[in-house]
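Take a look at the structure below.
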Amino acid sequence: MISLGHPITTAHLVLRPFVEDDLDALYDIQRREDVNRYLYSAPRTREEVREKLLERITFTKLEDEGDTLLLAVTLRDSGALIGDVNLHWTSRTHRQGEIGYVLHPDHRGRGYAAEATRPLLQLGFEKLDLHRIVGRLDGRNAASARVLEKLGMRREAHLVENEFVKGEWTDEIIYAILARDWQPDN
């Protein structure tokens, strides 16, 4: 079981549970079309973000399969919220998990997505004893593919037009890493 008792600090970031004061910054991220382009979600209204934020506040531990740890990504020097990362425990039996991340476009291209996701891989492998962690993405999202590759994940599948999302057929790319291949400094 993982219960986040304190924030996780990296070189440039602090990963912490969401709080109600995150509403304005989260809305600034989730209202954007460019943020939602490769996600299942559409831009959200302020009220929709408020409802989602109240859910996010509760995602602070992994007790059993199906649980998700969802953390706010903030800049270490200013405390500004710039996105989120998550680790979803998909199977206890098969010791599987999945990671995900979203960053405000103003903070992309600086290595923050990999820096924020790396500690979740470490938690998954070292605390949950996961065997395999995957990352899934829209086939058009080359930037996200680079993040997963930077984390040491390998491309395992390219599913052609496997989902109908937002009125169009989309490809899905699946990356994964095994515990034996995990290096904390990837």
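The values are calculated or read from the model by the stated rules, or taken from the named source; none is laboratory data. This structure is a prediction, so every number in the text was calculated from the model and none was measured. Neighbour counts are summed over all protein chains in view; Cβ atoms, including those assigned to glycine, are modelled from backbone coordinates with ideal geometry. For the accessible areas, the whole protein counts, side chains as well, though only heavy atoms, and no ligand, DNA or RNA atoms are used. Shrake-Rupley method; radii C 1.70, N 1.55, O 1.52, S 1.80 Å.
Let me know the volume per residue of the alpha-carbon convex hull for the range 15-159, in Å³.
Values: hull volume 16.6 nm³, N = 145.
Dividing the Cα hull volume of the range 15-159 by its residue count gives 115 Å³.
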(message) Given N residues in the range 116-170, what is its alpha carbon radius of gyration divided by 2.2 N^0.38 Å?
(response) 1.34
(request) May I ask for the net charge around Pro184, where only other residues with Cβ less than 9 Å from the Cβ of Pro184 are counted and Lys, Arg are +1 while Asp, Glu are -1? (result) -1
(message) Give me the three principal axis extents of the range 1-92 from the C-alpha atoms, as integers in angstrom, largest value leading.
(response) 35, 32, 23
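If the range 39-96 were replaced by its equivalent ellipsoid, with semi-axes equal to the square roots of 5 times the Cα gyration tensor eigenvalues, what would those be, largest first, whole Å? Present the calculation step by step, with values, prior to reporting the outcome.
Working: eigenvalues 116, 53, 23 Å².
Rounded to whole Å, the semi-axes are 24, 16, 11.
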(request) For the range 129-175, with all protein chains present and a 1.4 Å probe, just round the carbon and sulfur fraction of the accessible area to a whole percent. (result) 50
(request) Starting from the Cα gyration tensor of the range 93-186, multiply each eigenvalue by 5, take the square root, and state the resulting semi-axes largest first in whole Å. (result) 23, 18, 11
(message) Students often check this: by mean Cβ neighbours within 10 Å, which of 3-14, 50-61 ranks highest, and how do the rest follow?
(response) 50-61, 3-14
(request) Within the set of other residues whose C-beta is less than 11 Å from the C-beta of Thr45, count the net charge using Lys and Arg as +1 and Asp and Glu as -1. (result) +2
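Select from the range 85-180 those chymotrypsin sites (Phe, Trp or Tyr not before Pro) which occupy a DSSP coil region and have at most 15 other Cβ atoms within 10 Å, ordered by residue number. Working shown, then result.
Numbers: sites: Trp89, Tyr101, Tyr112, Phe125, Phe164, Trp169, Tyr175; in loops: none.
Passing both the DSSP loop test and the Cβ count: no residue.
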(request) Give the accessible surface of the range 33-186 per residue, rounded to a whole number of Å², with probe radius 1.4 Å and ligands, DNA and RNA excluded. (result) 51
